[in-house]
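Student: Handing you this structure, nothing more for now.
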């Protein structure tokens, strides 16, 4: 029992060290790149080790789809770049979930106020008051049909404003 507590204590100390480390070693980057949350953020298929996302816009590294470690390195480098007030195209604004997750493990530049600089992102978030999961009636013999017909509804208190994601106003054809 004491050995389990000791191992837990060492693990906590290691994670605390990793979280407050200002310089990442190659081993730390490799370990973070294999973390389950990082793999989920990149939509990595557990069987193939490749991301399910094929769009090059989703990755900062040319090899990011195939190598999560290279994508992590490119992401960390992009987060260190200076802000461009004109374009509002900083990596923090483009990948806020990556930034929030990485800030738990790494001292990132401007960690306190980084997301406040993303005016386009903040404007979009402030337009929506609630997110609802809408499940269209499915066929009980095929549960996949229920998940295949699931929708996200973004609600806003501003009734007069037409939103391109308002299901009453627009239809989307994904074929």
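Student: Quick one: would you say residue 154 is in the same structural domain as residue 28 (by TED's automatic domain parsing) and either modelled with pLDDT of 70 or more or farther than 28 Å from residue 52 by Cα (or both)?
Tutor: no
Student: Right, here's the next one. Return the total of residues in the range 29-72 being assigned to a helix (DSSP H, G or I) and surrounded by fewer than 18 Cβ atoms within 10 Å (Cβ to Cβ).
Tutor: Summing the residues that are assigned to a helix (DSSP H, G or I) and surrounded by fewer than 18 Cβ atoms within 10 Å (Cβ to Cβ) in the range 29-72 gives 10.
The values are calculated or read from the model by the stated rules, or taken from the named source; none is laboratory data. Note that this is a predicted model, so its numbers are computed, not measured. We place every Cβ from the backbone using ideal geometry, glycine too, and count neighbours over all the protein chains shown.
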